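Undergrad: A single structure is presented below for examination.
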Number of protein chains: 2
Amino acid sequence: MLGILKRDPIERLRKALGKDKVKTSLVERKLYSYDATPIPVERSVPRAVIFPETKEDVRRIVEICYEENVPMFPRGAGSGLTGGAVPTEEKGVVISFERMTRFEVDVDNATAVVEPGVITYEFQNYVEKLGLFYPPDPSSYKYSTIGGNIAENAGGPRCLKYGVTREYVLGITAVIKEGNVLKTGNPILKDVAGYDLTKFFVGSEGTLGLLTEAILKLIPKPQARATALAIFDDLRKVGEAVTKIMTSGVFPSALEFMDREAIRAVEDYKPVGLPREAEALLLIEVDGTETSVREQIGQVKDLLEGMNVKVDVSENEAEAERIWTARKNLGPALGNLRSGKINEDIVFPRTYLSEALPELREIAKKYDLLMAVFGHIGDGNLHVNLLYDKRNREEEERAERAVDEVFELALRYQGSITGEHGVGLTKKKFLKWQFGEEGYELLKGIKLLFDPKNLFNPGKVVEV
Amino acid sequence: MLGILKRDPIERLRKALGKDKVKTSLVERKLYSYDATPIPVERSVPRAVIFPETKEDVRRIVEICYEENVPMFPRGAGSGLTGGAVPTEEKGVVISFERMTRFEVDVDNATAVVEPGVITYEFQNYVEKLGLFYPPDPSSYKYSTIGGNIAENAGGPRCLKYGVTREYVLGITAVIKEGNVLKTGNPILKDVAGYDLTKFFVGSEGTLGLLTEAILKLIPKPQARATALAIFDDLRKVGEAVTKIMTSGVFPSALEFMDREAIRAVEDYKPVGLPREAEALLLIEVDGTETSVREQIGQVKDLLEGMNVKVDVSENEAEAERIWTARKNLGPALGNLRSGKINEDIVFPRTYLSEALPELREIAKKYDLLMAVFGHIGDGNLHVNLLYDKRNREEEERAERAVDEVFELALRYQGSITGEHGVGLTKKKFLKWQFGEEGYELLKGIKLLFDPKNLFNPGKVVEV
């Protein structure tokens, strides 16, 4: 009996880290047993929540948990939408990185070294004051963490021009099996030595090890931006317009789409004067020097007016901000329509959009649900929102079945089941479809190479 | 005896593919036994050279070679500089992709599907006529292949702004162990489903399987460019100038550096009027719309003149081309100085440059060699050229020993042993230093997962 008590992993963790870093009250354990995933997922109350403050803390945690066979569920801000940060085993512990928030910027080298708990928005503000720019902009950027963004390979509107989180990670330090420390990359922009473990770690959703530090790439901050709003009375013209813009020599820093339901939802929520009768809107942003943004947005306007599309160019930053606020209000605006909302982030090759959109509407019709579509049309990443009454279990189930068909549709069109949110728990069953037998076997093999005991975020992404 | 003959793998390959695709004359086997690597490497004459024409050909080749334990050495144009395409086993075969040159561009989706043998330059020209742009620009782009570029994760001057080859590969089809076909990715710009096998394949130098197709991302073609030449009388000012430019809101599409030896070599070779007495030059290119490039280059000029640096802005494309020709002449110009030239592509965090450059000069002095340095200073990727007399074996050996110290220096400064050329044969021994024990073990594990018999480009990158 004494022997068993001695080997209690929570006691060992307390001893190694100090009491303040290992919490076991039911309130705390319950607080850390969920994330922002909108649909019910398997979930357990963990046996403890651990708050490492240093790399060495993380190394000790992994060492002990690996010895004691304790599953580890890493967590950033818990803003994920696919259950990535949800603990699924009672014997597991949640590792919250909220106390690891240090970062250091090397202006001359245009790189930064960050801990996983740094809030993306705070980091972005900081570097912009130095004339630098960290582009990845998931909707959650005001509260999500760099660690979470790296785990999910997060993206947002600006990623059309600037790429996703992966493009900005130059190196990582992570603790993998048995507490071993893996260090990859360097504060340099080019490195082709050996297989690229750095980029491989990005988007692995905490299943290969625990990130303790990342080296990030920064780029020059654009001096100015300009925004145009294009109003379409015919959905089929949208795809043509996107192609024309993208082959005109103008590289938009964002190219966003809203369908009629989305426009109306925003206008019902907080009116900004969007045209309620339009079939669709495109929001086009360009950035660069002061003069060049005027020039570029002028070219976009001419090109769209040549297609008989009405275009409003924002005359100043305040006007642009008003339009972008409408775009950012979409989440709460749609949430306002019904008590339940499933927001899926499928991707289509953007050329298929005119075919796929009507098919999406068919799915909504078949399951008798309200659907609103918006998203990053420049890169084909659409947010398909299925709205339902949460108190109506039967309707909720219909919504979940409809989501399955949405994924099938994306894969049929050579798309992806996720452009931003990751696989986590909710999309696991579709991953095998997307990778095929051969690819899935490799994913499993790689997972076991990093984590032979399957203790890092087990049950997420790949089943081993 | 009959049994052995029946199992002759070359006979099986001939039967499966047809005689025309399997060559065994000594001339051909010798022709395909080398690449552009400037220093002596281990090398064997292969038993055959195979020319697949379709994906199915490649699948059959791998199936047979995997059964018969025949090592496979894939080859693009053979323009690599680290021995990546060199066969090292007599029982092995070279697989040349020169007949797989089909490609298809989807303008509306801004993607392309390409076979590995496509010449990068031809592909770039084709897409630029459609208003699109494929940025990766290794010096070898006029003859190197997309397949080779993917294998090495190639880059060039434009990669400062636009990223390396990896950033443009959205998906691959490859034949891995036993002839199994691995298909990853899709013609979409964002995809975070599962571990990123696509990007992982890029830069793996043919050691994980044989690439048969890639899906590439294209971006809008910039409308104009402008070039400035900055002349420095003090090496230490160069780093400061680079930082000022990179935090000014201007994002150069290239930022190239030449030291005094490099300047003089070019002027001796084909004079273009570069200042022979300068300590160093920066070549700064910006791109964008017609007006914006004037504006940006003006900002760069003002900023540098504020530092008392002399700046010449090219008034037109012809003048810019003249300067860029000087930059591109560097290779042959340096080759002209001595019969032997080792061009190493080490990377430093660019802030260390002012410290590292004098140390590089010390190495040259220690080994009594002529050294010229130029390269992509914006991303810290320098080409360190050691020049020697090829007929003087003693001097050649000194050059090889000096290279070892150059690599050590790069690693001491948190840099990399290669920013562009890859590891291949020549940098193998340094890879372990860069990855450490933990990282190297993972590389080995991953290699064996894709290729348990170690038949894909064996002996390159990682020793298993």
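Undergrad: Can you work out which of the residues in region A:211-247 that are within 14 Å of another protein chain (Cβ to nearest Cβ) and β-branched (V, I, T) is farthest from B:T243 (Cα to Cα)? Steps first, please.
TA: Within region A:211-247, the first condition is being within 14 Å of another protein chain (Cβ to nearest Cβ), and the residues that meet it are A:212-213, A:215-226, A:236-247.
After this cut, where a residue has to be β-branched (V, I, T) as well, the list is A:212, A:215, A:219, A:238, A:242-243, A:245, A:247.
Numbers: A:T212: 28, A:I215: 18, A:I219: 11, A:V238: 41, A:V242: 36, A:T243: 36, A:I245: 33, A:T247: 32 Å.
This residue is A:V238.
Undergrad: Among the residues of region B:412-439, how many are within 8 Å of another protein chain (Cβ to nearest Cβ) and either farther than 17 Å from B:D345 by Cβ or aliphatic (A, V, I, L, M) (or both)?
TA: Looking only at that region, the number is 7.
Undergrad: Now, a different point. Only one of (1) more than 26 Å from A:A193 (Cα to Cα); (2) under 24 Å from the mean Cα position of the chain (by Cα); (3) open to solvent by less than 20 Å² (accessible area, probe 1.4 Å) is not met by B:Y66, so which one is it?
TA: (2)
Undergrad: For region B:440-464, enumerate the residues that are among the aliphatic types (A, V, I, L, M) and either at the interface with chain A (Cβ under 7 Å from one of its Cβ atoms) or assigned to a loop (DSSP other than H, G, I, E, B) (or both). If you could, list the steps in order and put the result at the bottom.
TA: Looking only at region B:440-464, we keep the residues that are among the aliphatic types (A, V, I, L, M), and these are B:442-443, B:446, B:448-449, B:455, B:461-462, B:464.
B:L442, B:L443, B:I446, B:L449, B:L455, B:V461, B:V462, B:V464, listed by residue number.
Undergrad: Now a separate question. Does B:E285 satisfy the condition of being of a type outside the set (K, R) and out of contact with any Leu (no Cβ under 6 Å at 6 or more places or on another chain)?
TA: Values: of a type outside the set (K, R): yes; out of contact with any Leu (no Cβ under 6 Å at 6 or more places or on another chain): yes.
Yes.
Undergrad: Here's another thing I want to ask about it. Looking at region B:177-197, which of its residues are more than 7 Å from chain A (Cβ to nearest Cβ) and under 17 Å from A:S416 (Cβ atoms)? Spell out how you get there, then give the answer.
TA: So in region B:177-197, the residues more than 7 Å from chain A (Cβ to nearest Cβ) come out as B:177-179, B:185.
Matches in region B:177-197: B:G185 only.
Undergrad: Can you tell me how many residues in region B:412-432 are at pLDDT 90 or above, in a loop (DSSP other than H, G, I, E, B) and hydroxyl-bearing (S, T, Y)?
TA: Matching residues across region B:412-432 total 2.
Undergrad: What helices (runs of 4 or more DSSP H) completely inside region A:77-168 contain at least 2 residues that are modelled with pLDDT of 95 or more, surrounded by 24 or more Cβ atoms within 10 Å (Cβ to Cβ) and among the β-branched types (V, I, T)? Give the derivation first.
TA: Numbers: elements: A:120-128, A:146-152, A:159-162.
Because the criterion is at least 2 residues that are modelled with pLDDT of 95 or more, surrounded by 24 or more Cβ atoms within 10 Å (Cβ to Cβ) and among the β-branched types (V, I, T), the helices (runs of 4 or more DSSP H) in region A:77-168 that meet it are A:146-152.
Undergrad: In region A:379-396, what residues are within 30 Å of A:A154 (Cβ to Cβ), of a type in the set (D, E) and more than 23 Å from the chain's Cα centre (by Cα)?
TA: Residues of region A:379-396 that are within 30 Å of A:A154 (Cβ to Cβ), as a first pass: A:379-388, A:390, A:396.
Narrowing further to those that are of a type in the set (D, E): A:379, A:396.
Within region A:379-396, just A:E396 meets the criteria.
Undergrad: Another question about this same structure. What's the number of the condition B:P74 fails, among (1) crowded, with 17+ Cβ neighbours inside 10 Å; (2) farther than 20 Å from B:A174 by Cβ; (3) within 18 Å of the chain's Cα centre (by Cα); (4) of a type outside the set (F, W, Y)?
TA: (2)
Undergrad: If you scan region A:265-306, which residues turn out to be over 20 Å from A:G249 (Cβ atoms), surrounded by fewer than 22 Cβ atoms within 10 Å (Cβ to Cβ) and of a type outside the set (D, E, K, R)?
TA: The answer is A:Y269, A:P271, A:V272, A:G273, A:L274, A:P275, A:A278.
Undergrad: Continuing with the same structure: Any residue in region A:319-329 that is at pLDDT 90 or above and either in contact with a Phe, Trp or Tyr (Cβ under 8 Å, 6 or more places away or on another chain) or open to solvent by 20 Å² or more (accessible area, probe 1.4 Å) (or both)? Before you say what the answer is, go through the steps one by one.
TA: Start the filter on region A:319-329 by keeping residues that are at pLDDT 90 or above, which leaves none.
Checking region A:319-329: not a single residue is at pLDDT 90 or above and either in contact with a Phe, Trp or Tyr (Cβ under 8 Å, 6 or more places away or on another chain) or open to solvent by 20 Å² or more (accessible area, probe 1.4 Å) (or both).
Undergrad: Follow-up question, since we're still on this one. If only one of B:V250, B:V238 is among the aliphatic types (A, V, I, L, M), closer than 20 Å to A:K217 by Cβ and not assigned by TED's automatic domain parsing to the domain that holds B:C159, which one is it? Write out each step before concluding.
TA: Values: B:V238 fails: closer than 20 Å to A:K217 by Cβ.
Just one listed residue meets the conditions, B:V250.
Undergrad: Applying the selection to region B:181-199, what residues are free of Cβ contacts under 8 Å to residues at least 60 places away in the same chain, not in a loop (DSSP other than H, G, I, E, B) and not hydroxyl-bearing (S, T, Y)?
TA: If the condition is that a residue be free of Cβ contacts under 8 Å to residues at least 60 places away in the same chain, not in a loop (DSSP other than H, G, I, E, B) and not hydroxyl-bearing (S, T, Y), then B:L182, B:K183, B:G185, B:L197, B:K199 are the ones that fit.
Undergrad: List the pairs whose first member sits in region B:299-312 and is more than 20 Å from B:G273 (Cα to Cα), whose second member is of a type in the set (S, T, Y) and crowded, with 17+ Cβ neighbours inside 10 Å, and whose Cβ atoms are under 7 Å apart, counting only residues at least 6 apart or on separate chains?
TA: B:Q299/B:S248; B:L303/B:S248
Undergrad: Would you confirm whether or not region B:52-71 contains a residue that is of a type outside the set (K, R), in a strand (DSSP E or B) and more than 14 Å from every other protein chain (Cβ to nearest Cβ)? Spell out how you get there, then give the answer.
TA: Quick first cut of region B:52-71, residues of a type outside the set (K, R) only: B:52-54, B:56-58, B:61-71.
From the residues that got through so far, the ones that are in a strand (DSSP E or B) too are none.
The answer is no, given that none of the residues of region B:52-71 is of a type outside the set (K, R), in a strand (DSSP E or B) and more than 14 Å from every other protein chain (Cβ to nearest Cβ).
Undergrad: Considering region B:370-383 alone, what residues qualify as being small (G, A, S) and within 14 Å of another protein chain (Cβ to nearest Cβ)? Show your work before the answer.
TA: Narrowing region B:370-383 to residues small (G, A, S): B:372, B:375, B:378, B:380.
B:G375, B:G378, B:G380 - these are the residues of region B:370-383 that are small (G, A, S) and within 14 Å of another protein chain (Cβ to nearest Cβ).
Undergrad: Looking only at residues that are away from every other protein chain (no Cβ under 13 Å) and surrounded by fewer than 17 Cβ atoms within 10 Å (Cβ to Cβ) in region A:338-369, which one is farthest from A:E395 (Cα to Cα)? So that I can check it myself, show each step before the final result.
TA: Residues of region A:338-369 that are away from every other protein chain (no Cβ under 13 Å), as a first pass: A:338-343, A:357-369.
Now narrow it down to the ones that are surrounded by fewer than 17 Cβ atoms within 10 Å (Cβ to Cβ): A:339, A:358-359, A:361-362, A:365-366, A:368.
Numbers: A:S339: 11, A:P358: 22, A:E359: 20, A:R361: 17, A:E362: 17, A:K365: 13, A:K366: 12, A:D368: 9 Å.
By that ranking, first place goes to A:P358.
Undergrad: Which pairs turn up if I take residues in region B:423-436 that are closer than 16 Å to B:V464 by Cβ and look for partners that are polar (S, T, N, Q) and outside any helix (DSSP H, G or I) with beta carbon separation below 7 Å, at least 6 apart in sequence or on another chain?
TA: Qualifying pairs under 7 Å: B:V423/B:T82; B:G424/B:T82; B:L425/B:T82.
Undergrad: I'd like to verify a number: residues in region A:216-245 that are open to solvent by less than 10 Å² (accessible area, probe 1.4 Å) and either in a loop (DSSP other than H, G, I, E, B) or touching a Pro at 6+ places or on another chain (Cβ under 8 Å) (or both), how many?
TA: From region A:216-245, those open to solvent by less than 10 Å² (accessible area, probe 1.4 Å) are A:216, A:218-220, A:226-228, A:230, A:232, A:238, A:241-242, A:245; that's our starting set.
Next, from what is left, pick out any that are either in a loop (DSSP other than H, G, I, E, B) or touching a Pro at 6+ places or on another chain (Cβ under 8 Å) (or both): A:218-219, A:245.
Count: 3.
Undergrad: While we're looking at this one, here's another question. For the condition surrounded by 24 or more Cβ atoms within 10 Å (Cβ to Cβ) and either in the same structural domain as A:G378 (by TED's automatic domain parsing) or charged (D, E, K, R) (or both), what is the one hit in A:E178, A:E205?
TA: Numbers: A:E178 fails: surrounded by 24 or more Cβ atoms within 10 Å (Cβ to Cβ).
After applying the criteria, what remains is A:E205.
Undergrad: Do you know which residues across region A:4-48 are aliphatic (A, V, I, L, M), more than 26 Å from A:T82 (Cβ to Cβ) and open to solvent by less than 70 Å² (accessible area, probe 1.4 Å)?
TA: A:I10, A:L13, A:A16, A:L17, A:V22
Undergrad: If you don't mind, another one. Among the residues of region A:22-48, which ones are under 19 Å from A:A151 (Cα atoms) and at pLDDT 95 or above?
TA: A:Y32, A:S33
Undergrad: Do the conditions hold for B:E98, that is, is it over 24 Å from the mean Cα position of the chain (by Cα) and charged (D, E, K, R)? Explain how you work it out, then say what you get.
TA: On the way: over 24 Å from the mean Cα position of the chain (by Cα): no; charged (D, E, K, R): yes.
No.
Undergrad: Taking the residues in region A:21-43 that are of a type in the set (D, E) and part of a loop (DSSP other than H, G, I, E, B) as candidates, determine which candidate is nearest to the chain's Cα centre (by Cα). Walk me through how you get there before you give the answer.
TA: Keep residues of region A:21-43 that are of a type in the set (D, E), which gives A:28, A:35, A:42.
Next, only the ones that are part of a loop (DSSP other than H, G, I, E, B) stay: A:35, A:42.
Numbers: A:D35: 13, A:E42: 21 Å.
The residue in question is A:D35.
Undergrad: Okay, next question. Looking at the structure I just gave you, is A:V250 more than 30 Å from A:G298 (Cα to Cα), at the interface with chain B (Cβ under 9 Å from one of its Cβ atoms) and of a type in the set (V, I, T)?
TA: Values: more than 30 Å from A:G298 (Cα to Cα): no; at the interface with chain B (Cβ under 9 Å from one of its Cβ atoms): yes; of a type in the set (V, I, T): yes.
So A:V250 fails the test.
Undergrad: Would you pick out the residues in region B:396-453 that are open to solvent by less than 10 Å² (accessible area, probe 1.4 Å) and of a type in the set (S, T, N, Q)?
TA: B:S416, B:T418
The values are calculated or read from the model by the stated rules, or taken from the named source; none is laboratory data. Note that the coordinates shown come from a computational prediction; the quantities given were computed from them, not determined experimentally. Backbone-built Cβ (ideal geometry, glycine too); neighbour counts: all protein chains shown. For the accessible areas, the whole protein counts, side chains as well, though only heavy atoms, and no ligand, DNA or RNA atoms are used. Shrake-Rupley method; radii C 1.70, N 1.55, O 1.52, S 1.80 Å.
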